[in-house]
Structure formats: C-alpha cells, structure tokens
Amino acid sequence: MMGRREQGQGRFFYDFHLDAVVPPDHLVRRIDTVLDTSWVHRELTPFYSHTGRPSVDPELMIRMLIVGYVFAIRSERRLCEEVQVNLAYRWFCGLGIEDRIPNHSVFSRARHERFREADAFRLVFERVVGACIGAGLVGGEAFSIDASLIRADVDKVKRVPGDEPIDWPASEEASRAVREYLAALDAAHSGAGGGDGDDGGSGHGGGKPAKQVSLTDPQAAWVARKGVDPFFAYDANYLIDNKAGIIVDAEGTRANRSDEIAVTQTMVERVERCFDLKPDRLAADTVYGAARTLNWLMERGIEPHIPVWDKSSRTDGTFSRAGFTYDTRTDLYICPGGNALRTTGTVHDGRTRLYRARKADCDRCALKPQCCPNAPSRKVPRDIHEATRDEVRALANTAAFEQSRNERKKVEMAFAHMKRILRLDRLRLRGLTGAKFEVLLAATAQNLRKLARYAGRAPPTAVLCTA
C-alpha cells in the first residue's frame, strides 16, 4: 500500500540532538578526534581589546576555515552558506541548530589583522604537525622538499613591463596587495629586507627587474615557460617527512628559483627549532642542487640526495670542464693536452675561482682548436664548494639515493592532491601574505585528512636503507 506523509499542525516541541545526526564515520568526526583548538583563546587574547563589543569567536572562525579547506569550499561566502545548512559542519564548528553563522566579511578582517599579528595559521599548522608526530606518522630521518606553481588571482591584461616606471596610486587608494608590494619595495631600498630580484621575481629586491608586473597583484611573478601560456603565479613550498608524507613545513613564496632555494634553509631550521627534528637526508630535484645549498646541508650533517646543478657542459664542440682533471694536492687543473691551469685565488661573485692556462702553452698546443679557438688561452671556473659537489655526485650512486628518489614522489603527490582534491590550483587571496595563508591552510587540511585516516590505526612502517 502506498504511504502518504501526514500534513498537519507542526509539533510545538522537538527533541533534537545535533550529535545524533552526524554519522559516526563522517570525516568531521574523525578530524574532531585529532584536532585540538582549545589553545586558540589563550594564544590570541593579547591581540584582542579588553573593552568594546565581543568579537566573533576566533576558534569558530578557525574551525570554519578548516572545514572550507578540508572540503574544498573555496569561497568564504559559500563557506558560510554551507555551514548554515550542513549539520555535520555545524557540529564540527560547535554551533547549535539555532546559532547564527558569522558574516563572511569577518574572515577578511581577522585574517589581515589579529590572525596576521598572531601568526594564527602558522600556530594551527604547527599544532597539527605536533599531533602527527605524537601519532607516530613522522619518522624524522628522511625529508623531501619541492615547490609547485599556483596561479595568482589576476588576469594578464592589467600588466606593464617591469623595466618601465609605474605610477602607483596613493596608499589610501591602493588595494591591500599593492600596499604590501610598495612596503616591500621600501624595505628593500632601505636595506631592511626584500627578495633577490632575480629573473622570475617581482623585481623588488634591487636586482634585475621583473619581465612583467601585474597592476592588480604586483608581488605575483610572471612565469613564461616553453610550451605554456604565460601567467602570474606564486610558489607553494612543501617540506615533507618521507615516512607517511606528512607536511612538516609549508611556505608560500614568490615564484622564482632563488626563493625556492632560500626557503629550504628557512624550513629546515624552523622544523628543527619547533619540533627538534633534523633529517639524516634531504631529497629534492636539480633546482635545489646549487653548490651553496649543498654545502649548507653537508655542514649540518644532512646528506643532500639532490642531483648537482651543473651547467658546465658545452654544446659548441669544444672541451667542457669535465675534460679537465683537478688535482686536489696541487690545486691545479690539467688540460687534455697535459698543461696546468693555475688560479690566483681570487673569488669572483663570491663563489667562483678562475683557473687559467698560460698563453704560451695554449699557442703551441695541437688541441687548441678543440679547446679555446676564439680565446688566447683557456680558463676553467671552479666553485668554492666544488669539493662538496663532488661528494654529492658520489652519493648519487648509492642505494640510499635511489630510495630517496622514489620517496620524493610523495611530495609531488601532495601537490597533486592540493590542486585536484582541495582545488587549490588558483589562489583566491592576493598578495604574498595571502599566498602564505592559503598554502598553510591547505597543508593543514592535508595533514588533518591523513591524521584522521590513521587515527586508531598503527602508523606506517618506515623503510630504512642500510646501503
């Protein structure tokens, strides 16, 4: 018999428990089990006034933002709408069925004022990493690092060449992203900080100007690569522990190679300071294989499982540096013709010594057409950390290096998850600070999802290589 719903006078009283309608296996329940936000009020109290009208609860805002990033709700306006109607989200945020949802505008103000002053998102991220360590998901022996481009929230129309003067609006009329950029310029010019200003940067470090500058978000870098339509972007930098792929540090930076390299030291030192973790080895791709970085790692007892960045090979048919033999005892290079190349010891550009052959030796050498046909004599550059580079090249032949190459795929998988599952293939916030916020919140969401998955289960076993 077909049933019909009775339509009559509604009941005057209801017995409703929000906890009863959230399924026991729902992701919000598992995340709530491993997430502790009881510290929020204590840490953020100094950044709130003791008088005036009470603000929206900061713990509520942080929990709502976590919901947004865990479930890929990219808009804060949409997030408020979803929490309004989704009972599971209400339960996770500690809201009752009749509690009002904060207006979406409060997130922007808190993000750029109190949360920024307190570095609240960094505190949330580090608390979650601490929980992962406590759950046994972090081994601490092997790390991997990488960076991935994320498109900035700007179009390509509003841009100007970086070597042209720009008439920026007055501070009170400029957007937050422009004010942040101008402040970075002032800091760089006064010697208080700034980037390296190399190609791919935004040109506020005093070096080469950027190729293109966005008038909407000038700190975003213009990325032009072969076979790809140029775009403005930032970098998401992840440092992961290879045991279970937990992100132990994350940082948003300008999209250029020198910033990627510089942030390596920042993140490794920060993880050691915050969690007393220093890896035995660090895996990365060739971008991180600069001599200065390799030497920095070796001095700290960290094996760089990183291919050496080497651009010494020649394509014009003449001898490359690899054709010259270095004698460590006499500090000489021996050319293919058997002649010695000596150095004065002068360091050029802070990192390179030049070894030169005698002109008389080159003039009578039968191999001169294959060595230096257009120069009176041959010279060979040698990095002051070349000995370290040789040590790292030797590591490339070990089983441990091969294992690190395989484990490094976990950081690439983390970026794929960030872009495809969390939908962070394009930033929503503008400015470098906005990029830092979004990268930290995305990494927090990824760690929480992984921690919730392993909650109540034995942590994965790390594979140790003894070779």
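The values are calculated or read from the model by the stated rules, or taken from the named source; none is laboratory data. From a predicted model like this one, the values you see are computed outputs, not experimental measurements. Don't worry about glycine lacking a Cβ; one is built from the backbone with ideal geometry, like all the others, and counts go over all protein chains shown. When the accessible area is computed, the model is the full protein with side chains, heavy atoms only, and any ligands, DNA or RNA have been set aside. Shrake-Rupley method; radii C 1.70, N 1.55, O 1.52, S 1.80 Å.
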For region 31-63, which residues satisfy the criterion of being farther than 30 Å from Arg453 by Cβ, open to solvent by 60 Å² or more (accessible area, probe 1.4 Å) and assigned to a loop (DSSP other than H, G, I, E, B)?
-> Ser49, His50, Thr51, Gly52, Arg53, Pro54, Ser55
Expected single match for charged (D, E, K, R) and either in contact with a Lys or Arg (Cβ under 7 Å, 6 or more places away or on another chain) or open to solvent by 50 Å² or more (accessible area, probe 1.4 Å) (or both) among Asp285, Asp259, Asp276, Asp241 is Asp276
For region 175-203, how many residues meet the condition of being of a type in the set (S, T, N, Q) and at pLDDT 85 or above?
-> 1
If you check Arg382, Arg353, Arg329, which single one turns out to be in a strand (DSSP E or B) and open to solvent by 60 Å² or more (accessible area, probe 1.4 Å)?
-> Arg353
Selected residue (criterion: modelled with the lowest pLDDT) from residues of region 204-231 that are loosely packed, with under 15 Cβ neighbours inside 10 Å and more than 16 Å from Arg159 (Cβ to Cβ) = Gly206
Could you tell me which residue of region 101-116 is farthest from Glu43 (Cα to Cα), considering only residues that are assigned to a helix (DSSP H, G or I) and over 21 Å from the mean Cα position of the chain (by Cα)?
-> Ser105
Quick one: count up the residues across region 385-429 that are over 30 Å from Asp331 (Cα atoms) and part of a helix (DSSP H, G or I).
-> 20
Any pair with Cβ under 7 angstrom, 6 or more apart, that starts in region 371-391 at a residue that is over 17 Å from Gly323 (Cβ atoms) and without any contact (Cβ under 8 Å) to a residue 40 or more places away in the chain and ends at one that is open to solvent by less than 20 Å² (accessible area, probe 1.4 Å) and outside any strand (DSSP E or B) | Pro376/Cys362
If you go through region 265-279 one residue at a time, do you hit one that is touching a residue at least 24 places away in the same chain (Cβ under 8 Å), touching a Leu at 6+ places or on another chain (Cβ under 6 Å) and not in a loop (DSSP other than H, G, I, E, B)?
-> yes
Within region 166-176, is there a residue that is surrounded by 17 or more Cβ atoms within 10 Å (Cβ to Cβ) and either in contact (Cβ under 8 Å) with a residue 60 or more places away in the chain or assigned to a loop (DSSP other than H, G, I, E, B) (or both)?
-> no
When (1) more than 14 Å from the chain's Cα centre (by Cα); (2) modelled with pLDDT of 95 or more; (3) of a type outside the set (Phe, Trp, Tyr) are applied to Ala443, the one that fails is (1)
Considering only residues that are at pLDDT 95 or above and of a type in the set (Ser, Thr, Tyr), look in region 44-95 and name the one that is farthest from Gly434 (Cα to Cα).
-> Tyr89
In the set Arg122, Arg78, which member is in a helix (DSSP H, G or I) and either in contact (Cβ under 8 Å) with a residue 12 or more places away in the chain or under 30 Å from Met267 (Cβ atoms) (or both)?
-> Arg122
Determine, yes or no, whether Ile133 is of a type in the set (Val, Ile, Thr), more than 20 Å from Phe437 (Cα to Cα) and in a loop (DSSP other than H, G, I, E, B).
-> no
Output the residue which, of all residues in region 67-81 that are charged (D, E, K, R) and open to solvent by 50 Å² or more (accessible area, probe 1.4 Å), is farthest from Phe125 (Cα to Cα).
-> Glu81
